[in-house]
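Novice: Attaching a single structure in C-alpha cells format; questions to follow.
The values are calculated or read from the model by the stated rules, or taken from the named source; none is laboratory data. Since the structure is predicted, the reported quantities are computational estimates derived from the model, not experimental observations. With ideal geometry, Cβ positions are generated from the backbone for all residues, glycine too; neighbour counts draw on all protein chains shown.
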Amino acid sequence: MGIFDFLSGEFIDVIHWTDDSRDTMVWRFEREDHEIKYGAKLTVREGQAAVFVHEGQLADVFTPGLYMLETNNMPILTTIQHWDHGFKSPFKSEIYFVNTTRFNDLKWGTKNPIICRDPEFGPVRIRAFGTYSTRVTDPARFLTEIVGTDGEFTMDEISYQIRNIIVQEFSRVIASAGIPVLDMAANTADLGKLIVAQVAPVLAEYGLSMPEFYIENISLPPAVEQALDKRTSMGMAGDLGRFTQYSAAEAMTAAARNPGGAGAMGAGIGAGMGMAMAHQMGPWGAVPAAAAHPAPPPPPPVEHVWHIAENGETRGPYSKAAMGRMAADGSLTRDSHVWTPGQDGWKRASEVAELAQLFTILPPPPPGA
C-alpha cells in the first residue's frame, strides 16, 4: 500500500443526518472549513434530500440512496476541481440535508375579525381557525428562496409567513363565496379545497406544498352569539307566560334556600309576588283565562331574500321588492327557479306562495297587444 493510498483511506468521511426534533426542516453538515473529503460516502435516508453547494453555487440535489463523492459520479467536480495530484485533496463544499416529510398539526387562525356580507344577517364579522400540514417538494428552490445560508432552519421560522398567506386567501374566499354564516359549518370541506387551491401557487414559489388543510371552527362575535342564543331560547320556551311563571318559581326556591338576609329578601319577594297574584285573581279568587295565559304577540314578519338559478348560474340575493320589479319587467317568470334560506331545494316561482302573488297582481296586457 502506497503512502497516498493510506492517506486517502484515512480521509474517507461518512456524511449523514438523523433528526428527532420533529421541527427541523434544513440542517447543514458541519465540517471545519467546510472541507469534504474526496471519496466520502453520502447517505440520504427516506424522507430526506441532500443539496450539494460548491463555492456558493447550488451544484446538485441527491435523493434517498448511498453516494460516493467522486468525479465519476459528480461531473461538476471534474470541471471545477483539478485532481492532478496522487493525493486527492479535500474540496470546500457544503451539504444541506432537507427534511421532505410532512409537518403536521400546524395552527392557523384569524388574528382580527373578517367582515363579510351575509344574505340573512347583513354585514357580519367572523373568526376562524384550524390546522394544516406542509412539506418541502422542491429542495433546491426552498434552499435558495427561503433558507439561504442558515445552518439549521426550523418550521417556526416560516410558519408565521404561511399563516399570513392562509388568512389572506381565506378572507378572499369567504367574502366572495356568498355562503350564509349558519350554513358555513356544512361547507367547511369545500371551503378548505378552495383555499388550498389559492394558496398552492404561492407556496410552490417557496418549494413547498400543502397536503392537508382543515377548518375547525368559524365563529361570530360574542354579542352576536348571545343574541342568537336568546333567539333560540325564545323559540324553545314556547308559551312565554308559563315560562315567566316557571322562572319566577325557580327564583323564589333559590332565594328560600339561601340563609340569612338573602332568605328574608326571598320571603319579601315571595310575599310581593303573592299579593300581585291575589290582585290578578280578583274578588272571586279565580284568575281569568285571558290574564292567566295572555296571548303572546305575533312574531314579526320574516323578510326573505331570494336567489335565482338561470343557465347553470345563480344570481342574488334579491329582496321581495326587487323580485316584484323583475316580475314586472319580465326577467322573472312563473317558471324561474328560486331558492331562499330554509327552503327545501329549488322551486319554480309559481310554486312559492310568497312569489306566486307577484304574478297574480300584474296588469293584463294592453289593448291591441
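Novice: How many residues, within segment 175-193, are closer than 21 Å to SER133 by Cα and buried (at least 18 other Cβ atoms within 10 Å of the Cβ)?
Specialist: 2
Novice: Looking only at segment 151-192, filter to residues that are closer than 26 Å to TRP27 by Cβ and not in a helix (DSSP H, G or I); which one of those is modelled with the lowest pLDDT?
Specialist: GLY151
Novice: Taking only segment 121-146 into account, find how many residues are hydrophobic (A, V, I, L, M, F, W, C) and closer than 15 Å to PRO211 by Cβ.
Specialist: 1
Novice: Collect the residues in segment 109-139 that are aromatic (Phe, Trp, Tyr) and either part of a loop (DSSP other than H, G, I, E, B) or at pLDDT 95 or above (or both), keeping them in residue-number order.
Specialist: Selection gives PHE121, TYR132.
Novice: Test each condition in (1) at pLDDT 80 or above; (2) over 25 Å from ARG117 (Cα atoms) for MET281 and report the one that comes out false.
Specialist: Condition (1) is where MET281 drops out.
Novice: While we're on this one: Is at least one residue of segment 169-186 within 30 Å of ASP60 (Cα to Cα), free of Cβ contacts under 8 Å to residues at least 40 places away in the same chain and of a type outside the set (S, T, N, Q)?
Specialist: First, pick out the residues of segment 169-186 that are within 30 Å of ASP60 (Cα to Cα): none.
Within segment 169-186 (the criterion being within 30 Å of ASP60 (Cα to Cα), free of Cβ contacts under 8 Å to residues at least 40 places away in the same chain and of a type outside the set (S, T, N, Q)), the answer is no, since none of the residues qualifies.
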